[in-house]
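Inspection log for the structure reproduced underneath, given as structure tokens.
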Amino acid sequence: PMYSALKRDGKPFYDYARAGIELEREARPVTIHRLALVEFSSPFLTLAVTCSKGTYIRVLGEDIGCALGCGAHLKALRRIGVGTLGLDSAVSLDDLEERMKLSDDPVVCAQLKPVDYLLSSFPAVTLEASLTKRFLNGQRLASVKERIDLPVSSGRCRVYAAENGLFLGTASVCADGVVAPERLVSLSSLPRH
């Protein structure tokens, strides 16, 4: 089955799968950093997987079953971490709301990470006020012409406004020094850099 949110002709693969239509999917490179057997209680395996983005664990399960010659599918799937976030620092929404009712302690609020937390591995670019509006309008900015100090010669970066430290979104720095907006965020009530 093709239970994936990837799309073909504007329609997600899972819609085709639910309609009983099997489409050829392109292979894509992924990395399995860790694959460990946690528990075996016949006929079920519990595995722990650490992998690169783009990995479909359901497909990995099918591939393992195929390699074992018995077939397989997932009975359950639980994500326990993304980037620097893990379950060890997770708090349920109900628990957080209860803690906030009992205290206005800033430590409680500090458990909430800012919107750009997961992007902390990306280098940061700061834009002067005159460039911020142009960036938020989706305009590409030439770093040499605009005197933008780039921390990288190419690749993805996070972008902030110099005047107030607000996170503006992500951009791709092209080899020619152009800063091309990718994902922009609303400026209302965003955290400061």
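The table below lists the values:
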| read-out | value |
| --- | --- |
| Subset tally (residues that are of a type outside the set (A, V, I, L, M) and either open to solvent by less than 70 Å² (accessible area, probe 1.4 Å) or in a strand (DSSP E or B) (or both)) for segment 45-68 | 9 |
| Among the candidates Leu184, Leu150, Leu96, Leu118, residue that is more than 21 Å from Gly83 (Cβ to Cβ) and either touching a strand residue (DSSP E or B) at 6+ places or on another chain (Cβ under 6 Å) or modelled with pLDDT under 90 (or both) | Leu150 |
| Verdict on Asp94 being open to solvent by 50 Å² or more (accessible area, probe 1.4 Å), farther than 30 Å from Leu119 by Cβ and either free of Cβ contacts under 8 Å to residues at least 40 places away in the same chain or over 19 Å from the mean Cα position of the chain (by Cα) (or both) | no |
| Complete set of residues in segment 107-160 that are under 16 Å from Cys174 (Cβ atoms) and hydroxyl-bearing (Ser, Thr, Tyr) | Ser143, Ser153, Ser154 |
| Helices (runs of 4 or more DSSP H) completely within segment 81-160 that count 2 or more residues being touching a helix residue (DSSP H, G or I) at 6+ places or on another chain (Cβ under 8 Å) | 93-102, 106-109 |
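The values are calculated or read from the model by the stated rules, or taken from the named source; none is laboratory data. Keep in mind the model is a prediction, meaning the values are calculated, not measured. Here the Cβ is made from the backbone with ideal geometry for all residues, glycine too, and neighbour counts use every protein chain on show. Surface accessibility is based on the protein's heavy atoms, side chains included, excluding ligands, DNA and RNA. Shrake-Rupley method; radii C 1.70, N 1.55, O 1.52, S 1.80 Å.
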